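Below is one structure, written out as structure tokens, with a few remarks after it.
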Amino acid sequence: MCSIPGRTSSAQSCSMPYIRTLKLRPRIWMTFLVMAPLMPWAVLTETVVQLLMQDLDPEKMKLFSRDNCASVEIATKKSGIADLIPGTMIDDYLFDPCGYSMNGLLRNGQYFTIHITPEPQFSYCSFETNIPKESYHSLIMKVLDIFKPKKFLVTLFANEGSVANVKHIECEDFSALTNYRQVDHQFCQLKNYNLTYTMFKSAATNTWLASDPPH
Ligand SMILES: C[S@@+](CC[C@H](N)C(=O)[O-])C[C@H]1O[C@@H](n2cnc3c(N)ncnc32)[C@H](O)[C@@H]1O
């Protein structure tokens, strides 16, 4: 996903590749989906959950720079990333002078991945996993507790066979996210997949980034 401030466009037809445009003023999120044709014998179980977070905790972000952190292992441990999903084999990297990327792999091939841009002017972090869950509530809470974003977007991409698919209809209950309020929720039914986007922002702030134009 990428954010293209100032650009406007409308959602396009559900053909492949598929471009979905999400208008969340003042930002536009564009999702590009390229789907391989399904084989008749394919088992339809696939889930991808993403948290795209902005305006992150400045103190926590200091961990992800070489000036403040002696090694990538310390950054992974001290940040809480190491304990996020127990039993994961982690490959992590601390960029010079700052920035962090990690991939975590479970024995069954499931993964999670985190990429952090800690610069205070435009701090951003993406979290993604394909671990299927009936509810992502506690995992999302853990991720939010690490990064404390002022705003974030949750996307859930699941197909018919995924245990997460029912959440598209029921809509995940985020009522315990007392520090946030839901500002948008969109549902998109694709050929073999369902996709939901839910945008939250901190209840404590009425603004987006200082650099954003007013609503
Ligand atoms: C962790 S990378 C990930 C970028 C990727 N587009 C993402 O968010 O998924 C971004 C961070 O690493 C820093 N960085 C340092 N050297 C870099 C390099 N050679 N390539 C990319 N990012 C680098 C950037 O300044 C930024 O803070």
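The values are calculated or read from the model by the stated rules, or taken from the named source; none is laboratory data. Everything numeric in this text was worked out from a predicted model, so none of it was measured. Note: ideal-geometry Cβ built from the backbone for every residue, glycine included; neighbour counts use all protein chains shown.
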Kindly evaluate L139 against the criterion of being under 23 Å from M61 (Cα atoms), surrounded by 17 or more Cβ atoms within 10 Å (Cβ to Cβ) and more than 16 Å from the ligand (Cβ to nearest atom). yes
Output the residues belonging to segment 69-87 that are surrounded by 13 or more Cβ atoms within 10 Å (Cβ to Cβ) and either out of contact with any Phe, Trp or Tyr (no Cβ under 7 Å at 6 or more places or on another chain) or of a type outside the set (V, I, T) (or both). C69, E73, I74, A75, T76, K77, S79, G80, I81, A82, L84
So if I check each of K62, K78, which one is within 27 Å of F200 (Cβ to Cβ), among the basic types (K, R) and more than 16 Å from the ligand (Cβ to nearest atom)? K78
Condition set among the hydroxyl-bearing types (S, T, Y) and not in a strand (DSSP E or B), scope segment 124-136, selection farthest from the ligand (Cβ to nearest atom): answer is S135
What are the pairs with Cβ atoms under 9 angstrom where one residue, in segment 65-93, is among the aromatic types (F, W, Y) and the other, located anywhere, is modelled with pLDDT of 95 or more and surrounded by 12 or more Cβ atoms within 10 Å (Cβ to Cβ)? Sequence gap at least six, or different chains. Y93/V72; Y93/G99; Y93/Y100; Y93/S101; Y93/M102
Give the number of residues within segment 137-156 that are in a helix (DSSP H, G or I) and β-branched (V, I, T). 3
Please specify each residue of segment 114-123 satisfying the condition of being in a strand (DSSP E or B) and near the ligand (Cβ under 6 Å from one of its atoms). H115, I116, T117
Picking from K133, K142, which residue would you name as being within 22 Å of E73 (Cα to Cα) and within 16 Å of the chain's Cα centre (by Cα)? K142
Search result, residues across segment 178-204 that are surrounded by 18 or more Cβ atoms within 10 Å (Cβ to Cβ) and over 27 Å from D145 (Cβ atoms): C188, Y193, N194
Spot the failing condition for S202; the list is (1) at pLDDT 80 or above; (2) in contact with a His (Cβ under 9 Å, 6 or more places away or on another chain); (3) closer than 20 Å to S123 by Cα; (4) not β-branched (V, I, T), and only one is missed. (2)
Among the residues of segment 88-113, the number that are closer than 22 Å to F157 by Cα, within 16 Å of the ligand (Cβ to nearest atom) and either touching a helix residue (DSSP H, G or I) at 6+ places or on another chain (Cβ under 6 Å) or of a type in the set (G, A, S) (or both) is 1
Condition first: surrounded by 16 or more Cβ atoms within 10 Å (Cβ to Cβ), in contact with a Phe, Trp or Tyr (Cβ under 8 Å, 6 or more places away or on another chain), part of a strand (DSSP E or B) and touching a residue at least 24 places away in the same chain (Cβ under 8 Å). Can you find one or more residues in segment 102-113 that meet it? yes
